[in-house]
């Protein structure tokens, strides 16, 4: 029988490449009990950590902020985001996420197609300078 209910605390944690002080738990993704079209991850970045500038070629990414605040920088433009904010990244968009002081940043992250199965999804570090919009 397929598994329709997932308890995040039962899942293994991992730190993705180009991320520091980050723990992710894959809620849904490719596999015998998963999805071939979308990947859903619960991510948490502690203050002092960050997702370094990178992009995902051929993969759309979106995330919803559950807790905390951060500067999200997309294609050289930065903006402060917080709880209940939603961010969309088209394929190849260079981005960085830097949590601000306070509670850890908790995100619900979506990838389509799944990042964990896409051969085009290799992360590329960006060399672009990024300005913060105030």
Legend entry - Label-reachable residues, the range 72-98, where backbone N falls under 13 Å from a point 7 Å from residue 108's Cα toward its Cβ: 84-87
Legend entry - Most mobile of 96, 26, 37 in a GNM of the chain (Cα contacts under 10 Å): 37
Legend entry - Relative contact order, percent, the range 1-47 [alpha-carbon distance under 8 Å, six or more residues apart]: 31
Legend entry - For 44, 75, 10, 39, order by how many other beta-carbon atoms lie within 10 Å, fewest first: 10, 75, 44, 39
Legend entry - Choice from 35, 55, 20 showing the highest fluctuation, given a GNM over the chain with Cα pairs closer than 10 Å: 35
Inset, instruction - Arrange the following residues from fewest to most other Cβ atoms within 10 Å of their Cβ: 98, 22, 15. - result: 15, 98, 22
Inset, instruction - Choose one answer from 87, 45, 74: the residue with the largest mean-square fluctuation in a GNM of the chain with alpha-carbon springs under 10 Å. - result: 87
Inset, instruction - Quote the relative contact order of the chain in percent (integer), defining contacts as alpha-carbon pairs under 8 Å separated by 6+ residues. - result: 29
Legend entry - Ascending count of other beta-carbon atoms within 10 Å, so fewest first, for 116, 94: 116, 94
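The numbers here are math on the coordinates, done by the rules we state, and not lab data. Note that the structure is a prediction, hence the values are computed from the model and not measured. Neighbour counts are summed over all protein chains in view; Cβ atoms, including those assigned to glycine, are modelled from backbone coordinates with ideal geometry.
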